Amino acid sequence: MKSLRVRFAPSPTGPLHMGGVRTALYNYLLAKKHGGQFVLRIEDTDQKRFVPGAVDYIREALEWVGIVPDEGYGYGGDYGPYRQSERKEIYDRYIRQLLDEGKAYYAFDTPEELDTARREAEKQGRTFTYDAATRMRMRNALSLPTGEVKRLLESDAPRVVRFKIPEGRTLVMQDLIRGQVRVDTSTLDDKVLVKSDGLPTYHLANIVDDRLMEITHVIRGEEWLPSLPLHILLYEAFGWQPPQFAHLPLILKPSGKGKLSKRDGDAGGFPVFPLSWTDPATGKTTQGYREAGYLPQAFVNMLALLGWNPGTEQEIFTMDELITAFDLLRINKSGARFDPEKARWFQHQHFQKLSDDQMLELIIPVLEKHLQKDIRSDDGLMDYTRKVLALVRERLTFPQDFWTWTSFFYVAPETYAPKAVKKQWKSQTPEIMEQVLAVLENIEPWEAANIKQQLSDWINGQGLGFGKVLQPLRLALAGDLKGPDLFATMVLLGRDETLKRIRRALETLPG
Ligand code: GLU
C-alpha cells in the first residue's frame, strides 16, 4: 500500500492563527498514526501578500508545539523544492499542458474591462461571473480571432490564464468529514490559474504540488471547501486521481457566533497566536500562547479537542496518546466554540503533571525577573525556592502565578492590602499580636506541627477566636490574606523573619 502522506501548506501572509496550528496538528496526528509523512510546504505564490518573518514564525511555532515535519521547507526531502516561489518552471509545464489541450485559455481583459462587466451586471441585478455564459463576450483566446490572439501573445499585453470550467455537469465529491458534496458546474467561474505577473494562483500550484508530492490526504480549513470543485476539475483535467479530502470545521468565537479572530483575543485577553508576533508594518506585538506561559503540550491538547473528540470521556492527552486516539472520522462537522477558560483548565492540568524539578525550571526565570538576580548559583535560595514551591504547587496554572502566590517569601511586605487591614486589623489586634510575639519567641522546636499546636493551645487558653489571631498574623507576614499554610509559611520564613514582620506590622498598622 502507498504510504500516507499529508501536508501543511500555509501561506506566509502573517503569523499562524491557532486554527492553522490545529490544521497542522490534525495532519501530523494522522501521519504519525499511520506511519506516514508530514510535509511542510510554503505557499507563497501571492507575492503581494508575503510578510517577512512569517516563514520563520511558522516553523518556530510548529516546533514549539512538537510538530516537526518529516520533510519540507527547511527539513529536506525528495519532493522539493518545498517553497512554491521556487517551483515556477514546474507550474509553467503543467499550464502549457492545459493550454495545449484547450482546458485553459489566455484572457486579456484589463482590470477596467472587468470592472465595466461587473458594473453592467450589477445594473441588471446580477453578479458578474467569468464563465460559460459570459466568456465569449470577454477578450480572450476563445472569443478573439486567432490572428488577434497571436498578436496579443507576441506583444507584452497583460494576460492571465483561466481554467475553462466544463459545462452542465453535476460534480459529486467526497469529503471525509462532510460526506458527499454536490455542485453544479454552471455555478463555478473560470478561475485564474496564472496571474498577470506570470505566477500561478494558489489553485494551480496547490494541486500540482499535491500531485507531485504524492499527497494522499488533504486536510485543511473549511474555508477551502468552496474551492474543492475547481480542484477536483483540475485533477480531472490532468487525468490524475485526486487525494482524499477532509475540510475541518471553523474555530468559533467564545460567544459561538462567527469565526475566532485576533480581535476576539485582544478583547477577551487571550492569545490566538501560538507565539508572540510583531507586525513588521506597525511594530505592534501581540502576545502568543508561549509568552502567556502556556505549555506546548497543554496548547496541543486543547487544540486537538477543539473540533475532534476521542469518543470517550478522556480529556487529558499527551501527543503520543493523541496519535493513538486520533481518528479523522471523529472530527465534527460543525464549528468548534473556543472557550478561553477551558484553555486555562488544560494548562492547569498539564502544569500539575510536571515534576517539581520541571516546574522549578519554569519558575526560575520568573523569579530571576522579579528579584533581578541569578538564582541557580545560590544553593540556599534554590533550596528555599524548592520548599516554597512545595507549598504552592497545586495552586499554579502558569509559571508566573508562582510570584503572585509567593512574592512575600522573597520580599517582606512594605504595604498591606487596605481591604484586608480594614477587615482583620481591629482595635484589639495590636495587643493580641504583642502577646503572639511572646508566644512565638518561646516555641521550641520551630516546626509547623509544633507551632500549630502551641499557638492553638494559647488561643484556646485565651478564649480567642482563631480568626482574630491567625488572620492578622497572616496579614503581617504576607501583606494580604491569601497564601499557603500559615504554619509552614512561618517555618520557611524562619523565626527571626516572622517576628520581624509582626513587629513591623505593629509599627505600621493602626493601633
Ligand atoms: N495555502 C493555503 C492556506 O494558507 C492552503 C490551503 C490548502 O491546504 O489547500 O490556507
| note | Within the range 226-260, the residues that are of a type in the set (A, V, I, L, M) and either over 27 Å from Pro271 (Cβ atoms) or assigned to a loop (DSSP other than H, G, I, E, B) (or both) are Leu228, Leu230, Ile232, Leu233, Leu234, Ala237, Leu250, Leu260
| Here is a list of conditions, (1) under 17 Å from the mean Cα position of the chain (by Cα); (2) surrounded by fewer than 18 Cβ atoms within 10 Å (Cβ to Cβ); (3) assigned to a helix (DSSP H, G or I), and Ala298 meets all of them except one; can you say which number that is? | (2)
| query | Could you count how many residues in the range 54-71 are of a type in the set (D, E, K, R) and surrounded by fewer than 17 Cβ atoms within 10 Å (Cβ to Cβ)? | reply | 3
| query | Residues of the range 40-51 being under 20 Å from the mean Cα position of the chain (by Cα) and touching a residue at least 60 places away in the same chain (Cβ under 8 Å), which ones? | reply | Arg41, Glu43, Val51
| said: With the structure loaded, tell me whether Lys253 is charged (D, E, K, R), at pLDDT 95 or above and either under 26 Å from the mean Cα position of the chain (by Cα) or within 15 Å of the ligand (Cβ to nearest atom) (or both) or whether it fails that test. | reply: yes
| message | Could you list, ordered by first residue, the pairs with Cβ atoms under 6 Å in which the first is in the range 213-234 and under 19 Å from Gln84 (Cβ atoms) and the second is within 11 Å of the ligand (Cβ to nearest atom) and assigned to a loop (DSSP other than H, G, I, E, B), at least 6 apart or interchain? | response | Ile215/Pro243; Val218/Pro243
| field | Single condition Ala157 does not satisfy, out of (1) in a loop (DSSP other than H, G, I, E, B); (2) away from the ligand (no atom under 13 Å from the Cβ); (3) touching a residue at least 60 places away in the same chain (Cβ under 8 Å) | value | (3)
| remark: Considering only strands (runs of 3 or more DSSP E) wholly within the range 165-212, the ones with at least 2 residues that are closer than 17 Å to Glu223 by Cβ and within 16 Å of the ligand (Cβ to nearest atom) are 170-175
| remark: Selection from the range 213-241 of residues away from the ligand (no atom under 12 Å from the Cβ), over 27 Å from the mean Cα position of the chain (by Cα) and of a type outside the set (A, V, I, L, M) yields Glu214, Pro229, Tyr235, Glu236, Phe238, Gly239, Trp240, Gln241
| query | Just checking, how many residues over the range 44-77 are under 17 Å from Ile323 (Cα atoms) and within 16 Å of the ligand (Cβ to nearest atom)? | reply | 3
| field | Residue check, Thr429 touching a residue at least 24 places away in the same chain (Cβ under 8 Å) and surrounded by fewer than 11 Cβ atoms within 10 Å (Cβ to Cβ) | value | no
| Residues of the range 131-165 that turn out to be under 17 Å from Ala104 (Cα atoms), of a type in the set (S, T, N, Q) and exposed (fewer than 13 other Cβ atoms within 10 Å of the Cβ), as a count | 1
| Of all residues in the range 24-38 being part of a helix (DSSP H, G or I) and in contact with a Leu (Cβ under 8 Å, 6 or more places away or on another chain), which is farthest from the ligand (Cβ to nearest atom)? | Leu29
| Filter the range 7-23 for residues that are among the aliphatic types (A, V, I, L, M) and within 10 Å of the ligand (Cβ to nearest atom); which is farthest from the chain's Cα centre (by Cα)? | Ala9
| Does Tyr79 satisfy the condition of being surrounded by 17 or more Cβ atoms within 10 Å (Cβ to Cβ) and over 17 Å from Thr201 (Cα atoms)? | yes
| said: Considering only residues that are over 15 Å from the mean Cα position of the chain (by Cα) and farther than 12 Å from Phe398 by Cα, which ones fall in the range 342-359? | reply: Lys353, Ser355, Asp356, Asp357, Gln358
| said: Taking the conditions exactly as written (of a type outside the set (Gly, Ala, Ser) and within 14 Å of the ligand (Cβ to nearest atom)), does Arg41 satisfy them or not? | reply: yes
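The values are calculated or read from the model by the stated rules, or taken from the named source; none is laboratory data. It should be emphasised that the depicted structure is a prediction, and the values quoted were computed from it without experimental measurement. Backbone-built Cβ (ideal geometry, glycine too); neighbour counts: all protein chains shown.
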